[in-house]
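The values are calculated or read from the model by the stated rules, or taken from the named source; none is laboratory data. Since we're looking at a predicted model, the values are computed, not measured. Cβ: placed from backbone, ideal geometry, glycine included. Neighbour counts: every protein chain shown.
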Amino acid sequence: MKNRKFIEILGLLSVVGSLIFVGLEINQNTTAVRGATQQAVSSQVAEMYRIGAENERIAELVSKAFQDISKTDISESDYVSLWMYQMMGFRRIENIYLQYKNGLLTKDAFSRIGMGIYRTKIVREIWDERRGDFEPDFAEFFEELRDNNDRSF
């Protein structure tokens, strides 16, 4: 009888130990997934910067955007180039939003976006034209993020 109790206690301790081990493994996996997600977001940012650095046309259009231009101030082909570049940016923010909703990123990920370009007149025009391409929940979130006056979002 004593041996049986001893074996039962040993079995219980083994189960508890196994559960602790599984919990630690899940925690490590979650940390790894979060790290990979943050790296993917950083890669998206780096890609946009690379395009701007290597493509004089895009660099010039981004510079003009900060000079308060609108769609009518540039050629159709320049507008399409800026539109495509900014759609990359919108999709990048959407990706951050989805990862945030899934618990893989924290709210501070939004503080590293650099919202200045999204507050310019021409990029607002692009957003207004393309807003319907995005889920309504994201569109509302993005507009709140963009229009947040204290910039602490």
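Couple of notes before you dig in:
- Cross-chain or 6+ apart pairs with Cβ under 8 Å, the range 99-114 first and over 15 Å from Leu145 (Cβ atoms), then buried (at least 17 other Cβ atoms within 10 Å of the Cβ): Leu104/Thr37
- Tally, over the range 126-137, of residues that are in a helix (DSSP H, G or I) and surrounded by 17 or more Cβ atoms within 10 Å (Cβ to Cβ): 2
- The residues of the range 110-125 that are loosely packed, with under 14 Cβ neighbours inside 10 Å and under 10 Å from the mean Cα position of the chain (by Cα) amount to a single one, Arg112.
- When the helices (runs of 4 or more DSSP H) confined to the range 1-109 are screened for residues that are among the acidic types (Asp, Glu), at pLDDT 70 or above and exposed (fewer than 13 other Cβ atoms within 10 Å of the Cβ), those reaching at least 2 such residues are found at 2-54.
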